[in-house]
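Below: the structure, in structure tokens.
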Amino acid sequence: MAILAALACLVAQASSPYLQVGEKVLVPAPPAYLAGLAVACRWSADSSQFVYQAGDIGTSRSMIRAGLAKLGRYEVETSQLCRYDVASGRNEVLVGLRSDAYLGNIDLVGPGGDAIFELRRVENDGKQFAQIWFAPVGKKTAAITEWIESSSSSVIASRKKRRAIVALAGPSGLTVAGISDSGFQKIQVDSDWKYGVFSGNTVGGTAVLVVSKPGADSRFFSINYDSFTVSDITDGRPEYELRVEKKLPLKLDRVELPKSEIAMKEDTLYDIVLSNPDEPARRLLFARGVTNGSEISPDGLKLVYSTPHGAFLRELVPVSAATAKRLTAGN
């Protein structure tokens, strides 16, 4: 009982209609419905767009509910890769999967929502094939390779430019290629290497490819995103670009709901509560009844989350000066 009382107190504290960060007063916009199920969300670096996997974009709410009732909430297939634009609300299907294909590597190229992804399939004889697709914002999504026999693959992208590089291991050896607005360009890597994996980007903005083959030591190569030229890294210790951690202006808490408030007792549901670390007493209830899995944007102001009723986007937006004055009066 003491635990439930503490949880109730925590949620009760989250009754503020707004949060303040610096001179901005922020309020939550209404949740935007995305799909019946959304997984593996990836935000763009500029927080303007995200890609995710779903199975029912373009399907009516009644059909979604009927499908969920028939299959169960956690058995709906994620048969589409989608991209959502926060400013316009456009929910775009990038590709719908055939029954014999599945999504492999997925990454975002540059600071925005340009997406590179891989479709994979396995033949009856066990052979594996991969096909690379590119989905730049404002242009048609298209396959940029044929199906290539490939047992494994690796993808890396620049966070500053619309450029990416893929490495595909196949029966004839390692295929490395650069991807840009102009298409698919093979990159010549010396020797007969069998496997390749990207280990990161360097501080100089190049991609690091680690190659290997049976009976030989691994080698490190640096690949330039502009020219797609290859340089040998002789000491094998490149200076990597550090992944920038999200510097969120707000603190995010997950508050587990008591079983007495949950219709299906086997579920574990949470409320997501935001607060300003400088004003911990003021808390804002941001999302109700969230299942496991949510992804906050790099700017800390947008959240993609799933509930038993579907997946949603919610955003904190600044109010006008007059509204801010009214909300903060007396506080």
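Peptide packing: for 295-305, 221-231, the average count of neighbouring Cβ atoms within 10 Å per residue gives the ranking 295-305, 221-231, highest mean first.
Compute the distance from the alpha-carbon center of region 156-226 to that of region 85-144, in whole Å. Using only Cα atoms to place each centre, the spacing works out to 19 Å. With 24 Å as the limit, the listed pairs Lys24/Lys139; Lys24/Lys161; Lys24/Lys160; Lys140/Lys194; Lys160/Lys194; Lys139/Lys186 have Lys24/Lys139; Lys24/Lys161; Lys24/Lys160; Lys140/Lys194; Lys160/Lys194 beyond it between alpha carbons. The gain in end-to-end length when the Ala321 to Val39 segment is fully stretched comes to 97.8 nm, 0.36 nm per residue minus the alpha carbon separation.
Between Val197 and Arg288, the distance separating the two model label sites (each 7 Å from Cα on the Cα→Cβ line) works out to 4.5 nm. Count Lys and Arg as plus one, Asp and Glu as minus one, and take only other residues whose Cβ is under 11 Å from that of Ser151; the net charge is then +2.
Read-outs throughout are calculated quantities, based only on the coordinates presented, and are distinct from any laboratory measurement. Because the structure is predicted, anything quoted here is derived from the model rather than measured. As a convention, Cβ positions derive from the backbone with ideal geometry for all residues, glycine included, and neighbour counts pool all protein chains shown.
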